[in-house]
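Working notes, beginning with the structure itself.
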Amino acid sequence: MTETTDIPYAGDRPSGRTDARQDALKFAEAALVDSKREGLLLAVRARWAALAVTAVTLPIINPNWDVIYYILMLGFFALIGWAQLKVGKVGRSPLEVFLIICDLALLTFLAVVPNPWSDVNWPIGMQFRFDSFIYFFIFLATATLAYSWRTVLAMGGWTAVLWAAAVGWAWLQPASHAALSARVREAVGADVRLFAIIDPSSIGFGTRFQQVTVFIIVAAILALAVRRSNALLISHAGIERERANLARYFSPNVVEQLSVNDEPLTRVHTQDVAVLFADIVGFTTYADGRDPSEVIGTLRQFHERMEREVFRHGGTLDKYLGDGLMATFGTPFTGDNDALNALRCARGMIASIDELNRERRRRNEPPIQASVGLHYGEVVLGDIGLNRLEFAVIGTTVNAASRLEALTRELGCAIIASDALVQRARTETGHSNEDFAVLVERPAQSIRGLEQPVGIWTCGGVAS
């Protein structure tokens, strides 16, 4: 009963939707764990604060030595709160339920059973005149900070049962102070209702029933509030999952735009973008005969640096291609400097690989070589797939960029950029002569799949 909320069962669904559902559940579970931990800590702190205030006000309300008994009992409530903090967890926890019932049972006991340290011989009915029932609302309020709506609602039921048992116990106690009750009856005469109100021996069944009824109503209202809060928590977890998924592909600034943009990525359309392909030269030869963990480690180093450069220059990581990757600049939204950013990213990639190779040499590891191909032109964007969707960028521009990257081996250079990309970059704001100073114009090359030769620019030797 103490779970923060229920996590729906995925059920029998298509595999793609099931995977997405499982991802959502993973984020939801993480959010619930954090919420439960924070809620319990807040609830216990609120409890301790309330107990401290109660300890101060009790002597003011009852300035007698016997009030020390109740102040000492507050220590048990503080101890129960500490125990709840230690055993609290997401999911059903019998021990947690037991501690909650201990809270309610102890408060019921203190409210109904006379103070053993008191010298005053009160009629048992007088215990109900001290309005101790209001303290149940403190525990109910703190429960909303840490427990599920079911637990909050259950607390209403548990309190009703305990309070009914306490009232029944008081009613079964032997009659006492009959003479006092007789004098009160004589004083009020035939007014039965007034006698029931002021009779010191009266338990006041109507008032007790009213207390329990109001408590259950309040518990139900608070349970609805907790349920709504938990639904918002799950919704927020879903949003965070979506943002995390977007962050795997898009740069942080693009993720921020997507999070506030109502236009879905599913809309198929065309636009001009810069496409970049990067690859490790001779990776098949490098991997042959090497330990698999070493090969994977090298790939991770390469992709980590390439991904960082893509995002640093506002690009979108389209996909990993084994020992290479494809990135786009101008997706899902076009920018003012897409071609220029792609060109700067390519140079940043080669510089980053040079830095990595210096580190690898210090570790007596062989250097790796990287090559980059760039092209600018029209592409088609949209989701593809049925159950497992993928945001795809396709078209002749993509194919040309891939083949320009492969052409680097033949020309012995690190970067090949199409003339279309370079000329586009020259028209974009923020460019400088330094961006193009290292580029060397080469004769146009025939590219498979394109009718006309493509003008190209190269940069440096292959990174090593």
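Each reported figure results from applying straightforward, stated rules to the coordinates on display, with no laboratory input. Being a predicted model, the structure only gives us computed values, none of them experimental. Heads up, the Cβs are rebuilt from the backbone with ideal geometry, glycines too, and the neighbour counts pull from every protein chain shown.
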(message) Would the stretch 309-464 count as rounded, prolate or oblate if I go by the C-alpha gyration tensor, calling it rounded below 1.5 in a/c and otherwise prolate when a/b exceeds b/c, oblate otherwise?
(response) rounded
(request) Please sort by residue number the chymotrypsin sites (Phe, Trp or Tyr not before Pro) in the stretch 162-212 whose DSSP state is loop and whose Cβ has at most 13 other Cβ atoms within 10 Å. (result) none
(request) Tell me which residues come under 5 Å, amide H to amide H, from ALA392 once H is placed; ignore anything under 5 positions away on its chain. (result) GLY382, ASP383, ILE384
(message) Which GluC sites (Glu not before Pro) in the stretch 270-352 sit in a loop by DSSP (not H, G, I, E or B) and have at most 13 other Cβ atoms within 10 Å of their own Cβ?
(response) none
(message) For a test of the definition: using alpha carbon positions, the gyration tensor, and the 1.5 limit on a/c, classify the stretch 49-196 as rounded, prolate or oblate.
(response) prolate
(message) Quick check on the stretch 36-82: take the gyration tensor over C-alpha atoms, sort the square-rooted eigenvalues as a ≥ b ≥ c, and tell me if it's rounded (a/c under 1.5), prolate or oblate.
(response) oblate
